[in-house]
1. Here is a list: GLY138, GLY199, GLY214, GLY195. Which entry is closer than 22 Å to PRO56 by Cα and either out of contact with any His (no Cβ under 6 Å at 6 or more places or on another chain) or part of a strand (DSSP E or B) (or both)?
2. For residues that are under 17 Å from the mean Cα position of the chain (by Cα), of a type outside the set (Lys, Arg) and open to solvent by 80 Å² or more (accessible area, probe 1.4 Å), tally how many sit in region 1-48.
3. So for region 119-127 (the condition being over 22 Å from HIS202 (Cβ atoms) and under 16 Å from the mean Cα position of the chain (by Cα)), does at least one residue qualify?
4. With respect to the numbered conditions (1) farther than 15 Å from PHE145 by Cα; (2) surrounded by 15 or more Cβ atoms within 10 Å (Cβ to Cβ); (3) touching a residue at least 60 places away in the same chain (Cβ under 8 Å), which one is the sole condition not fulfilled by PRO54?
5. Search region 198-218 for residues that are at pLDDT 95 or above and pair each with any residue that is crowded, with 16+ Cβ neighbours inside 10 Å and polar (S, T, N, Q) when their beta-carbon atoms are under 7 Å apart and the residues are at least 6 apart or on different chains.
6. Can you find a residue in region 123-135 that is open to solvent by less than 30 Å² (accessible area, probe 1.4 Å) and farther than 22 Å from THR53 by Cβ?
7. If the requirement is being touching a Lys or Arg at 6+ places or on another chain (Cβ under 9 Å), among the basic types (Lys, Arg) and within 30 Å of GLY195 (Cβ to Cβ), which of these qualifies: LYS4, LYS10, LYS59?
8. Among the listed residues VAL183, VAL161, which satisfies the condition of being surrounded by 14 or more Cβ atoms within 10 Å (Cβ to Cβ), touching a residue at least 24 places away in the same chain (Cβ under 8 Å) and under 17 Å from the mean Cα position of the chain (by Cα)?
Amino acid sequence: MDVKIEQSWKDALAGEFEKPYFAQLVRFLHAEKAAGKVIYPPGPRIFRAFDLTPLPEVKVVILGQDPYHGPGQAMGLSFSVPDGVPAPPSLRNIFSEIESDLHIRMSGSTNLEPWARQGVLLLNSVLTVLSGMPTSHGSIGWQQFTDAVISCISSQRDGVVFLLWGRYAQQKKELIDTSRHHVLCAAHPSPLARGAFFGCRHFSSANQILLQEGKTPINWQL
C-alpha cells in the first residue's frame, strides 16, 4: 500500500502498511469521510509528526493519546495546536512546567513544530478522531500501528528519551528496551491529575540525558 509518509519511516514500517489491519483502517477512514463525517486532523497532517521528525533524527518521544477533537486544533503533533488557537489545559500545564523547570519564559506560541524539527517525536497513540468525539477512533487499528512505531524506535535507535505522562502512556513502557533507552514517567499534564505533573522536571532531565549521550539538547523555549 502506498502511504504518503516521510521516507525513513516508510522504509522502516513497510511491513505494517502491508498488513490487513492497516488496509482495513484506511478503508474505514475513507468510509467515514464518504459518509460526511469530519475527521481531525486533516488528511495531509495525519502523519505530520513523522514528516517533521525522520526516524534517524528521533531523540525524544512525547506520547499523547489521541488528537484534539475541536475545529482547528489537531495538527498531527501530540499536545500541539496551531498558533492563534488557545492552548488547551494540558499544553498550558506543560508550558508552566517548562518555565519552572528551566527558568525561562514561553512566548505564547502553541505550535510545537520547532520541537519536532529538533528530534522530538510528538506521537499520538491514535492518529485520528471524529469532530467532537474524543477517543472515537481508539479501536480502528491505530494503536497497533503506533505500537509498531515505538518498537521500531526501540530496536533501531539508541539513547532515545521517552516521556510517558499518565497511566495510558506508561503502558507503552513494555515496548521499549530500557537497556538501550531512557524512560521518564510522570502524571499526565491534564488538570484532572490535580497538579501531579508539576515538578517532574522532565525537560531539564531529558536534556541532561541527551548531553550524556553525546547529543544536542532540545531548545524547549518557543
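1. Numbers: GLY138 fails: closer than 22 Å to PRO56 by Cα; GLY199 fails: closer than 22 Å to PRO56 by Cα; GLY195 fails: closer than 22 Å to PRO56 by Cα.
Step by step, each of GLY138, GLY199, GLY214, GLY195 is checked, and only GLY214 is closer than 22 Å to PRO56 by Cα and either out of contact with any His (no Cβ under 6 Å at 6 or more places or on another chain) or part of a strand (DSSP E or B) (or both).
2. 1
3. yes
4. It fails just one condition, (3).
5. Pairs that qualify, where the first residue is at pLDDT 95 or above and the partner is crowded, with 16+ Cβ neighbours inside 10 Å and polar (S, T, N, Q), are PRO217/ASN207; ILE218/GLN118; ILE218/ASN207.
6. Taking region 123-135 as the starting set, the residues that turn out to be open to solvent by less than 30 Å² (accessible area, probe 1.4 Å) are 123-130.
Next, from what is left, pick out any that are farther than 22 Å from THR53 by Cβ: 130.
Yes: region 123-135 contains one or more residues that are open to solvent by less than 30 Å² (accessible area, probe 1.4 Å) and farther than 22 Å from THR53 by Cβ.
7. Working: LYS4 fails: within 30 Å of GLY195 (Cβ to Cβ); LYS10 fails: within 30 Å of GLY195 (Cβ to Cβ).
Sole residue among the options that is touching a Lys or Arg at 6+ places or on another chain (Cβ under 9 Å), among the basic types (Lys, Arg) and within 30 Å of GLY195 (Cβ to Cβ): LYS59.
8. Answer to the check: VAL161.
The values are calculated or read from the model by the stated rules, or taken from the named source; none is laboratory data. Please read these numbers as outputs of a predicted model, since none were measured by experiment. A quick note on method: Cβ atoms are made from the backbone with ideal geometry, for glycine too, and the neighbour counts reach across all protein chains shown. Only protein heavy atoms, including side chains, enter the accessible area calculation; ligands, DNA and RNA are left aside. Shrake-Rupley method; radii C 1.70, N 1.55, O 1.52, S 1.80 Å.
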